[in-house]
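Scroll down for the structure; my scribbles are underneath it.
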Amino acid sequence: MSRAVLPAIALAALVPLAVPARAADEKVDLAAVTRIRDEAFNRSKAQETLSKLTDELGPRLTGSPSYRRAAEWAKGQLEEWGLTARLVPVTFGRGWQLDHVAVHMLRPGVAPLEAYPKAWSPGTDGPRRGEAVFAKLEKEEDLDAWKGKLAGKVVLTSEPPEVRPREKADAERYTKETLDDVVRFEPGGRGRFSPAEREKFMKQRRFRRKLAAFLVEEKVLAWVDGSRGDDGTVFVQADGGWRKDDPPVPVTLVLGAEQYGRIVRLLERKVPVELEVDVKTTFTPEDPLASADVIAEIPGTDRKDEVVMLGAHLDSWHAGTGATDNAAGCAAVMEAVRILKAAGLRPRRTIRVGLWSGEEQGFYGSRAWVSETLASRPEPKEKPGDDTPPWMRRPTGPLFFKPEYAKFSVYFNLDNGGGKIRGIYTQENAEVAPIFQAWLAPFADTGATAVTMKRTGGTDHVTFDGVGLPGFQFIQDELDYDTRTHHSNMDVYERVPKGDLMQASAVLAAFAWQAAQRDGLMPRKPLPPEPKTPEREPAGRP
Ligand SMILES: [Zn+2]
């Protein structure tokens, strides 16, 4: 047995643990906090980084040339700040980019339409005109009735999303009460995906694939979805398309709720609607550097073989500039290490940065890196006809540990919008709670106070937590993440408040520093049991 399975007991002996019973027992380097706050609040470069990643480099869809440009730039910038940095290629699939989109209503009146193609959608090969048709195709039995009737049409297949008057502000910050609600732990609370929800999700996913195949066969001009939200905000992602064996789809567009509603109402009143659709997209060949992770380090000193890590996903969707999801997280992580360098702080343990690819498609970048560097389980075998997305497949088999596993202390992730840090989820690890309380205390005046025993999911820290390593995500002010920016065309620079980004950068820098300086590695939960039956996933969103 080579480096396969190392018994937990031997591991425990290898990992010196220092667990304070109370926050007060945890040593906190306040002198360093002073220097960190000074650099973060008086000489911040976070907005510049954010503008570079969003306004200039734009959306960073995994696999795309613009993702590669962003990764190469981030590597260069981190090197300029004195870190060592490298691009670690990741196997992903083919890339895609949007070159041009113009959609107009021509009849009964002329109107420009705010429509975006889904990522990996084909184009129209120049402007094409077609009649709009409202064909409510919501289950398999609906398809036959429309067979042979949709060639060259622009097909709207679902009811218009409801638009209600907005009686409360889009953006919210936690109050004392609502933050207490986040902290309060309700045993037996609902998780993310119960078996029933999993089945419902898979059923919808299978029908959507059948519908796409039907519309391709019908040679429709385009397939249009109505977006959730309002005020012309368009929430748009993809229906797959980056994997070799993904089936072809028609030109697929998402239209703002109001404009989508107008077309459906006209069609329901038998008023003919003619549209002109001009979409140009490019599929780019698989390029592992266009889906590379950016890994950078501030080498440690007396404990340099031990590692503390900060991370955020660099990839984004394509309709906005990926500001709150997740250039804000990347800018804060990059700023955190810039602050430590600028403040002349030399850590005991190595502080490492991970800017991940493919998070939106299922944590491709962090999964590849963790399984290459720390620990992995045998990849679940693809059962014939099993179309469960990789991120949803249950890992199988024992954990295989890599040499770095025993020396890895902790991973901190930032990926919950542009809001400032209000606290942290402990992933049900009681031993880290007093440590985090101690580390947050010097930032209580900025609103960072909450430590909850809850787990959260849906982003890259679960990749570390899933192999039994301390991996954490912060609680952030929600602002208008869910209501306006999360995967939408409104995910832009303006949605990341300057002060919030400064504060998040400072808290990240301090957490990395305290973890790099403390006597022991961060306490670990017992290794996750080998999953026997599907269980509930923690709440949270990608
Ligand atoms: Zn995200």
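Annotation: of all residues in segment 312-356 being part of a helix (DSSP H, G or I) and open to solvent by 10 Å² or more (accessible area, probe 1.4 Å), the one that is nearest to the ligand (Cβ to nearest atom) is Arg338. List the strands (runs of 3 or more DSSP E) that sit entirely inside segment 396-503 and contain at least 2 residues that are buried (at least 20 other Cβ atoms within 10 Å of the Cβ), of a type in the set (A, V, I, L, M) and touching a Phe, Trp or Tyr at 6+ places or on another chain (Cβ under 7 Å). In segment 396-503, 421-425 are the strands (runs of 3 or more DSSP E) which contain 2 or more residues that are buried (at least 20 other Cβ atoms within 10 Å of the Cβ), of a type in the set (A, V, I, L, M) and touching a Phe, Trp or Tyr at 6+ places or on another chain (Cβ under 7 Å). Of all the numbered requirements in (1) closer than 30 Å to Ile475 by Cα; (2) surrounded by 15 or more Cβ atoms within 10 Å (Cβ to Cβ), Leu156 misses one, and that requirement is (1). For Pro272, the conditions (1) closer than 30 Å to Glu428 by Cα; (2) modelled with pLDDT of 95 or more; (3) surrounded by fewer than 12 Cβ atoms within 10 Å (Cβ to Cβ) all hold with the exception of (1).
Candidates in segment 161-219 are the residues that are aromatic (Phe, Trp, Tyr), over 23 Å from the mean Cα position of the chain (by Cα) and over 26 Å from Gly419 (Cα atoms); of these, the one that is most open to solvent (accessible area, probe 1.4 Å) is Phe207. Residues in segment 226-258 that are open to solvent by 60 Å² or more (accessible area, probe 1.4 Å) and of a type outside the set (Lys, Arg): 7 in all.
When segment 469-511 is filtered for residues that are away from the ligand (no atom under 16 Å from the Cβ) and on the phi > 0 side of the Ramachandran plot, nothing remains. For Thr233, the conditions (1) more than 16 Å from the ligand (Cβ to nearest atom); (2) over 30 Å from Val110 (Cα atoms) all hold with the exception of (2).
The values are calculated or read from the model by the stated rules, or taken from the named source; none is laboratory data. Here the structure is a predicted model, which is why all the values come from computation and not from measurement. Every residue, glycine among them, receives a Cβ derived from its backbone with ideal geometry; neighbour counts consider all protein chains shown. Quick note on the areas: whole protein, heavy atoms, side chains included, nothing else; ligands and nucleic acids left out. Shrake-Rupley method; radii C 1.70, N 1.55, O 1.52, S 1.80 Å.
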